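*Asks:* Take this structure first; my questions come after.
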Amino acid sequence: MTHQTMVHRTETLERTYAASPMRVFRAWEDPEIRRIWGAPSTDVEIRNEAADFRVGGEDIQICMVGGEPVATVVGRYLDIVPDARIVYSEAISEGSTLLGVSLISVEFIGVEKGTRMVLTLQTVAVDGSDLLEGVKVGWTNALDNLAGVLVPA
């Protein structure tokens, strides 16, 4: 019998938003705006513990459900080109247990009616974690939430 300790998946999620690449990029850059749209479900509230949006910078977000922490996400920015791309890693933990790690690459492409955003999500779940589907669903919901944040006031 074999024991598989790591499972990998790559997903590409695309959205087109009726907003300029600069405006869409700003929604990623601003930690308070990202906290609002970045929740993976309606049950989860994001608490920012640290926000340092620069190459080499680190974000720490706590996912809260009913006022209790359920997961910690530590992000590290690897590449940032304003209004064009962001590449960063996320380590997702529950308490002191690492569930998995994602490499997230985001492209902001100007199109006639706004921005086409392409997010490539490469995730490894460790030690039997069922993280893969949760990460995909969470990002799908977050990108849908982003559309609501970008609606003109």
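The values are calculated or read from the model by the stated rules, or taken from the named source; none is laboratory data. Small disclaimer: the values here were computed from a predicted structure and weren't measured. Cβ atoms come from the backbone with ideal geometry, glycine included; neighbour counts cover every protein chain shown. What goes into the accessible areas is simple: the full protein's heavy atoms, side chains included, and nothing from ligands, DNA or RNA. Shrake-Rupley method; radii C 1.70, N 1.55, O 1.52, S 1.80 Å.
*Asks:* Look through 105, 129 and report the one residue that is among the small types (Gly, Ala, Ser), modelled with pLDDT of 95 or more, within 22 Å of residue 11 (Cβ to Cβ) and open to solvent by 20 Å² or more (accessible area, probe 1.4 Å).
*Replies:* 105
*Asks:* Let me ask you something else. Which members of segment 73-102 meet the condition of being open to solvent by 40 Å² or more (accessible area, probe 1.4 Å) and either of a type in the set (Phe, Trp, Tyr) or part of a strand (DSSP E or B) (or both)?
*Replies:* Within segment 73-102, 74, 76, 78, 79, 81, 85, 94, 97, 98, 101 meet the criteria.
*Asks:* To continue, here is another question. Taking the residues in segment 30-49 that are charged (D, E, K, R) and not in a helix (DSSP H, G or I) as candidates, determine which candidate is nearest to residue 137 (Cα to Cα).
*Replies:* It comes out as 43.
*Asks:* Pull up segment 38-56, narrow it to residues that are open to solvent by less than 90 Å² (accessible area, probe 1.4 Å) and either at pLDDT below 95 or touching a Lys or Arg at 6+ places or on another chain (Cβ under 7 Å) (or both), then point me to the one that is farthest from residue 104 (Cα to Cα).
*Replies:* My answer is 44.
*Asks:* Something else: Pairs please, first residue from segment 30-51 and more than 11 Å from residue 64 (Cα to Cα), second anywhere and part of a loop (DSSP other than H, G, I, E, B), Cβ atoms under 6 Å, 6+ apart in sequence or on different chains.
*Replies:* Every condition considered, the pairs that remain are 31/51.
*Asks:* Answer with yes or no whether residue 90 is touching a strand residue (DSSP E or B) at 6+ places or on another chain (Cβ under 6 Å) and either farther than 17 Å from residue 141 by Cα or modelled with pLDDT of 95 or more (or both).
*Replies:* Yes; evaluated as a whole, the condition is true for this residue.
*Asks:* Scan segment 82-131 residue by residue and report those that are under 17 Å from the mean Cα position of the chain (by Cα), closer than 27 Å to residue 72 by Cβ and among the small types (Gly, Ala, Ser).
*Replies:* Listed by number, the residues that qualify are 89, 91, 93, 100, 102, 105, 125.
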